[in-house]
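Have a look at the structure below before the remarks.
The values are calculated or read from the model by the stated rules, or taken from the named source; none is laboratory data. This is a predicted model, so every value here is computed, not measured. Don't worry about glycine lacking a Cβ; one is built from the backbone with ideal geometry, like all the others, and counts go over all protein chains shown. Surface areas here come from the heavy atoms of the whole protein model, side chains and all, with no ligands, DNA or RNA. Shrake-Rupley method; radii C 1.70, N 1.55, O 1.52, S 1.80 Å.
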Amino acid sequence: MRKLNKISAALGISAMLMGSLAACGDKATDQMAATDQAEKDLKKVTVVLDWTPNTNHTGLYVAQDKGYFKEAGLEVELVQPPEGGAEQLVASGKAQFGISFQDTLAATYGSKEPLPITTVATLLQHNTSGIVSRKGEGMNSPKGMEGKQYATWDGPIELAMIKNVMEADGGDYSKLKRIPSTVTDEVSALKTKSVDAIWIYYGWAGVACEKANLPIDYFAFKDINPVFDYYTPVLIGNDTYLKEHSNEAKAFLQAVEKGYKYAIDQPEEAAEILLKAAPELDKDLVVASQNYMKDQYMAEVKEWGHIDEKRWNAFYNWLNDNGLVENKIPENTGFTNEYLSK
């Protein structure tokens, strides 16, 4: 009898274990199904970069890697731009967001038929662009560009800015030697003396010169004329998408904000995330650039991405006054802060 009782008890325990395992299996299956459904429910968003991946974009890659987009209910794809840039793709609705520049956007905001795109955030708070040259050749200020070879894209805004800073420094713009820009590697171009002066963004090309131990002179446009402290680069959004999916747009930008704040607080970890997404990049350059950029994403402001209307308008008013746009751009055209965290 005791033996039968033991057998019965053992059978009972086995049944309980099997039931428990079955319940666990059902729970795991339910969890997998719920995860699959959550994945299906994610809203798809496409972001077009302005160029190949670099430290301007780190916050986007961090938000993707850390799951900030998924937490916001979004499945975000980061794509490189077509030859014409991000603006047309965003305007067409094939992408919801893209990266552009305030100076580049002037052409559409000053057009008779502007593209349906709006700037919704700035990725850097200040314009970090300027002119780099070999150290000691007199181009540590704009006047020194007289008689020197400058690699140009021959853009009207570009050349008007060069003329402005040269003349402000007492230089003669007519003495500048303009040659078509074919520069893809600023360090090599300066070392080989194929060009004397190049327009760069310091956070990448300037840091690259530092890493290559190339002695350089450099001046920033904003330090010569404060009007040139415009916003570059910026995030643009499709107008229809912003209107019809405002909550999604806000969720997207909040996730992007988290990504950039992570890059500010943990630049080396953020650099590793960018390198994971773009392993072709030079690690030493990415890490050095990231340590420079951490102080540029927000600089002195308290709100990530915030655009100051006075600075935005000052640059476009300068374009208006100098006839550099087809039609005058009214103040406060082309940007909004309403999708940012308050």
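Within region 294-312, which residues are buried (at least 18 other Cβ atoms within 10 Å of the Cβ) and within 14 Å of Q102 (Cβ to Cβ)?
Hits for region 294-312 are G305, I307, R311, W312.
Please specify each residue of region 265-293 satisfying the condition of being without any contact (Cβ under 8 Å) to a residue 60 or more places away in the chain and either β-branched (V, I, T) or surrounded by 20 or more Cβ atoms within 10 Å (Cβ to Cβ) (or both).
Once the filter is applied, which keeps residues that are without any contact (Cβ under 8 Å) to a residue 60 or more places away in the chain and either β-branched (V, I, T) or surrounded by 20 or more Cβ atoms within 10 Å (Cβ to Cβ) (or both), region 265-293 yields P267, V287.
If only one of A106, A91, A121, A63 is open to solvent by less than 10 Å² (accessible area, probe 1.4 Å), more than 12 Å from the chain's Cα centre (by Cα), under 30 Å from N320 (Cα atoms) and not acidic (D, E), which one is it?
None of the others qualify; the one that does is A106.
With respect to the numbered conditions (1) open to solvent by 30 Å² or more (accessible area, probe 1.4 Å); (2) over 15 Å from H57 (Cβ atoms); (3) modelled with pLDDT of 95 or more, which one is the sole condition not fulfilled by Y262?
(2)
Going by the conditions given, is A86 within 20 Å of the chain's Cα centre (by Cα), of a type in the set (G, A, S) and modelled with pLDDT of 95 or more?
yes
Does G138 satisfy being more than 30 Å from N247 (Cα to Cα), assigned to a loop (DSSP other than H, G, I, E, B) and either modelled with pLDDT of 95 or more or among the aromatic types (F, W, Y) (or both)?
Considered against the rule, which asks whether it is more than 30 Å from N247 (Cα to Cα), assigned to a loop (DSSP other than H, G, I, E, B) and either modelled with pLDDT of 95 or more or among the aromatic types (F, W, Y) (or both), G138 comes out as yes.
Does region 325-339 hold any residues that are under 18 Å from the mean Cα position of the chain (by Cα) and assigned to a loop (DSSP other than H, G, I, E, B), and which are they?
Answer for region 325-339, where residues must be under 18 Å from the mean Cα position of the chain (by Cα) and assigned to a loop (DSSP other than H, G, I, E, B): G334, T336, N337, Y339.
Scan region 160-171 and tell me whether some residue there is in contact with an Asp or Glu (Cβ under 7 Å, 6 or more places away or on another chain), at pLDDT 95 or above and of a type in the set (D, E, K, R).
No: zero hits.
So how many residues does region 315-342 have that are within 14 Å of Y231 (Cβ to Cβ) and surrounded by fewer than 18 Cβ atoms within 10 Å (Cβ to Cβ)?
The qualifying residues number 4.
Within region 177-195, how many residues are open to solvent by 20 Å² or more (accessible area, probe 1.4 Å) and over 25 Å from L124 (Cβ atoms)?
So the count comes out to 10.
Would you confirm, using the coordinates I've provided, whether L115 is in contact (Cβ under 8 Å) with a residue 24 or more places away in the chain and more than 20 Å from P53 (Cα to Cα)?
Spelling it out, L115 is indeed in contact (Cβ under 8 Å) with a residue 24 or more places away in the chain and more than 20 Å from P53 (Cα to Cα).
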